[in-house]
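Every read-out reported here was derived from the displayed coordinates using simple, explicitly stated rules and does not represent laboratory data. Remember, it's a predicted structure, so these values are computed and weren't measured experimentally. With ideal geometry, Cβ positions are generated from the backbone for all residues, glycine too; neighbour counts draw on all protein chains shown.
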Amino acid sequence: MPGKDRHSAAQQIYRRFPLELVRKEGKWLIALSGGADSTALALIMKHFGIDIHALHCNFHLRGEESTRDETFVRTFCQEQQIPLQVAHFDTIHEARQHHESIEMAARRLRYTWFEQQQQQHAAQGICVAHHLDDQAETILLNLIRGTGLRGLQGISPQRTLGNLNVVRPLLNYTKQELTDYLDSLGQPYVTDSTNLERDAMRNRIRLDVIPLLRQLNPNITQCLARTAENLRLSQTDSPHTQLYNTLQPHGFTRTQIIDIARHLHHPSPNQSASQQWHSTTHTLTLDRGQIILESKTPPPPPILHSETLDIAAHPLSKIDWTDKSTAYIDPTSVHPPLALRPMQPGDRFRPYGMPHGSKLLSDFLTDRKVPLNEKQRQLIVEDQTHAIIWVVGREIDHRYRITENTKQILKLTIR
């Protein structure tokens, strides 16, 4: 893979990683088998500087392969300077003793040990490397066996098992994306040969059913995962669900809504104070925790009206200074005609109360904590010399203020 493509593959992976699920604070455990999925997860979390401690389970079920996997994991963690702990289980004996399948015994042993390690390390939880293809397989497996709405929701990104916090940060990545990522880094991994055997139903779904469905729809895994996510959202009353129910009718996509929720509920330290998203009909602005939803249908264009008043007939004490759509100025230094226009980059004026110098209008609005959507619509009134007379609805220029020497008042109104 050429150097540019390698860099692009890695950046695509990093850009989509859900840091809202795996925060950088505290320690996280990671279930590391040595396969492509968990190896990729370890490297991604390491890239973000997350404090991880790897856990590897040797179930002694695959002979030399089990030993090979453990050796690979030990070497990988040593090279990557990742702390590692390995547990050995006599899985067949455990299954016989508890009268359960080997698969169920392995699962019980694994998660019991994970819970003990979470407590011992005071960790935030354990990250496991289920990905989008696993999600699709799980949904189809549940459907074949007969399931309700809960089974069709597939694998949850986060769940609690007893006292164990289980997080799955890779559910939005396909298996191919993860292997491409490892290839871009030149990072090897091991492959479990039992995944290629058709004796298990999940393997038959992976090897036979999904390739057939992919002929009908190349994006079948993404579609199944999206269905599961939509069902999960419809069955909960979380803020995310409320956001989805509000924004989806206005044309915002599921991906956009997830991104909006992440910026709203889990802002990053480097996140801009103002963010915007667009559907075909609406614009959503997130500004300092405020959600502002607006139609893209333009309002009627405003019109500027001006009227000259004699101060003797209109004393200042009778003026309503609270009306934001009206400004009163001294016309002595104004060079007509006046024009109404949107603000532009580089616009400067002298805010009322500033006797000398000038200020960028954009800085003035930022200091006033004006939301991004309002900044984009900000109007100004200027005269023939392009001097700003009035920042509409907010401030007049200090040079055109009314003083004790004012004889006439120019009343400006926006309608």
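Quick look at the numbers
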item	result
Gain upon complete extension [Thr281, Gln384; 0.36 nm per residue less C-alpha separation]	33.4 nm
Model label zone, Gln222; criterion: amide N under 20 Å from point 7 Å along Cα-to-beta-carbon; scope region 152-171	154-155, 157, 169-171
Efficiency of FRET from Cβ geometry, Ser156 and Gln248, R₀ 30 Å, rounded to 0.05	0.90
Mean separation of Cα contacts under 8 Å, 6 or more apart, over the residue count of the chain: relative contact order %	13
FRET E, pair Arg377, His263, Förster distance 25 Å, beta-carbon r, rounded to 0.05	0.70
Descending principal axes extents, region 112-245, alpha-carbon based, whole Å	44, 41, 31
Inter-site label distance for Lys27 and Ile311 at 7 Å from Cα along Cβ, in nm	7.5
GluC sites (Glu not before Pro) restricted to DSSP loop in region 1-92 with at most 12 other C-beta within 10 Å	Glu25
Anisotropy class of region 3-234 from Cα gyration tensor, a/c 1.5 cut	rounded
Efficiency of FRET from Cβ geometry, Ser325 and Gln290, R₀ 25 Å, rounded to 0.05	0.65
Along principal axes, Cα extents of region 304-414, largest first, whole Å	41, 25, 25
Euclidean distance of C-alpha centroids, region 180-232 and region 20-58, integer Å	21
Neighbourhood net charge (11 Å Cβ-Cβ; Lys/Arg +1, Asp/Glu -1) for Lys359	-3
Within region 51-118, trypsin sites (Lys or Arg not before Pro) in DSSP loop having at most 16 other beta-carbon neighbours inside 10 Å	Arg62
Solvent-free Debye scattering, log10 I(q)/I(0), computed from the Cα coordinates of the chain at q = 0.07, 0.08, 0.12 Å⁻¹	-0.53, -0.63, -1.02
Surrounding net charge for Val392, when Lys and Arg each add one and Asp and Glu each subtract one, Cβ distance under 13 Å	0
Label-point separation in nm, Ala87 to Leu149, each point 7 Å along Cα→Cβ	3.5
Per DSSP, loop trypsin sites (Lys or Arg not before Pro) in region 306-404 with at most 14 further Cβ within 10 Å	Lys324, Arg368, Lys369, Arg401
Residue-averaged 222 nm ellipticity for the chain, from DSSP H runs of 4+ at -39500 (n - 2.57), nearest 500	-11500 deg cm²/dmol
